[in-house]
Amino acid sequence: MLVIDDLKVSYGQAKALQGASLKVNAGEIVAVIGRNGAGKTTLLRAVSGLVRPSSGSIKFHGREIAGLDPDAVKRMGISHVPQGRMIFADQTVEDNLLLGAYIIFGKDKSRVMANLEREYARFPRLAERRKQLAGTLSGGEQQMLAISRGLMTDPPLIALDEPSLGLAPIIVEQILKNILDLKRQGTTVLLVEQMAQAALQVADHGYLLHTGQVKAYGTGEELLGSQEVMRRYLGEAV
């Protein structure tokens, strides 16, 4: 579904990605792990059109999308849930969700309303707070809202950037369960996560990014069992 080849991205003189390559097959959860500054967020921003690569290729269903603007990428079927949620704090929960469906709202309002109810069923807490300003939600509720907003257009591929950031363990567990549910429902997931062990437990495959390069690749189970990955690159005890 998604093939990234020799991708390079720089911010001025700083090289964020230095020839990263990976692929995401349809129906998979693929985790990208690594320490802060490894290039994980830049990778997702390049895929969704928020940054322009200096070189390399990003193909979605065989079509080159590197350099397209975010709206074009969204309309092709890639939804990006950014780090830090980026909800519209001064809008209600429901308005945030409806804004997530902007590319289909004028074409198929009945589908939008059906998707709205589906997301309320996915996260009942959002249904309870549908008329509440999004900025007054807890961190976990805001993350639920950000994910549901990203799903309002039924994207074939959803890219999640650090969905566990700043959340209590019980909420992280719920978010990971919902990511597995997305896979079962046919959505492909590209998951960027600093909590490597949690991400690899739900991932079909994983890539380790280090200083903008892929240093390791394997199934989630293989990477979890690699002492070199856990100790050398992530600094975790094994």
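The values are calculated or read from the model by the stated rules, or taken from the named source; none is laboratory data. The structure presented is a predicted model; accordingly, all values stated were derived computationally and were not measured. Cβ atoms come from the backbone with ideal geometry, glycine included; neighbour counts cover every protein chain shown. The area values use the complete protein model at the heavy-atom level, side chains included, leaving out ligands, DNA and RNA. Shrake-Rupley method; radii C 1.70, N 1.55, O 1.52, S 1.80 Å.
Yes/no per residue for (1) under 12 Å from the mean Cα position of the chain (by Cα); (2) buried (at least 17 other Cβ atoms within 10 Å of the Cβ); (3) among the aromatic types (F, W, Y):
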position	(1), (2), (3)
E162	yes, yes, no
L167	no, yes, no
Q185	no, no, no
L190	yes, yes, no
M195	no, yes, no
A198	no, yes, no
Q201	no, no, no
K215	no, no, no
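Being farther than 22 Å from L165 by Cβ and either open to solvent by 60 Å² or more (accessible area, probe 1.4 Å) or acidic (D, E) (or both) is the filter here; which residues of the stretch 48-82 pass it?
R52, S54, K59, H61, G62, R63, E64, D69, D71, R75
Could you count how many residues in the stretch 205-238 are farther than 19 Å from A20 by Cα and either assigned to a loop (DSSP other than H, G, I, E, B) or among the β-branched types (V, I, T) (or both)?
So the count comes out to 6.
Can you tell me which residue is modelled with the lowest pLDDT among those in the stretch 84-139 that are surrounded by 13 or more Cβ atoms within 10 Å (Cβ to Cβ) and basic (K, R)?
R85
Would you pick out the residues in the stretch 40-62 that are more than 14 Å from the chain's Cα centre (by Cα) and not basic (K, R)?
The answer is V51, P53, S54, S55, G56, S57, I58, F60, H61, G62.
This table checks each residue for (1) among the aliphatic types (A, V, I, L, M); (2) out of contact with any strand residue (DSSP E or B) (no Cβ under 9 Å at 6 or more places or on another chain); (3) farther than 24 Å from Q174 by Cβ.
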| site | (1), (2), (3) |
| --- | --- |
| S57 | no, no, yes |
| H61 | no, no, yes |
| I87 | yes, yes, no |
| S110 | no, yes, yes |
| A114 | yes, yes, no |
| E119 | no, yes, no |
| P124 | no, yes, no |
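If I ask for residues that are under 16 Å from the mean Cα position of the chain (by Cα), part of a loop (DSSP other than H, G, I, E, B) and surrounded by fewer than 20 Cβ atoms within 10 Å (Cβ to Cβ), which ones from the stretch 21-35 would you list?
N25, A26, G27, E28 - these are the residues of the stretch 21-35 that are under 16 Å from the mean Cα position of the chain (by Cα), part of a loop (DSSP other than H, G, I, E, B) and surrounded by fewer than 20 Cβ atoms within 10 Å (Cβ to Cβ).
Would you mind stating whether R85 is within 19 Å of N178 (Cβ to Cβ) and assigned to a loop (DSSP other than H, G, I, E, B)?
yes
Can you tell me which residue within the stretch 36-47, out of those that are open to solvent by less than 70 Å² (accessible area, probe 1.4 Å) and not aliphatic (A, V, I, L, M), is nearest to G206 (Cα to Cα)?
So, considering only residues that are open to solvent by less than 70 Å² (accessible area, probe 1.4 Å) and not aliphatic (A, V, I, L, M), the one nearest to G206 (Cα to Cα) is K40.
Quick one: A146 ticks every box in (1) surrounded by fewer than 19 Cβ atoms within 10 Å (Cβ to Cβ); (2) at pLDDT 95 or above; (3) within 17 Å of the chain's Cα centre (by Cα) except a single one, so which number is it?
If we test A146 against (1) surrounded by fewer than 19 Cβ atoms within 10 Å (Cβ to Cβ); (2) at pLDDT 95 or above; (3) within 17 Å of the chain's Cα centre (by Cα), just (1) comes out false.
If you go through the stretch 194-229 one residue at a time, how many are more than 25 Å from G84 (Cα to Cα) and at pLDDT below 90?
3
From the set of residues in the stretch 221-238 that are small (G, A, S) and over 22 Å from T42 (Cα atoms), which is most open to solvent (accessible area, probe 1.4 Å)?
If we take residues in the stretch 221-238 being small (G, A, S) and over 22 Å from T42 (Cα atoms), then A237 is most open to solvent (accessible area, probe 1.4 Å).
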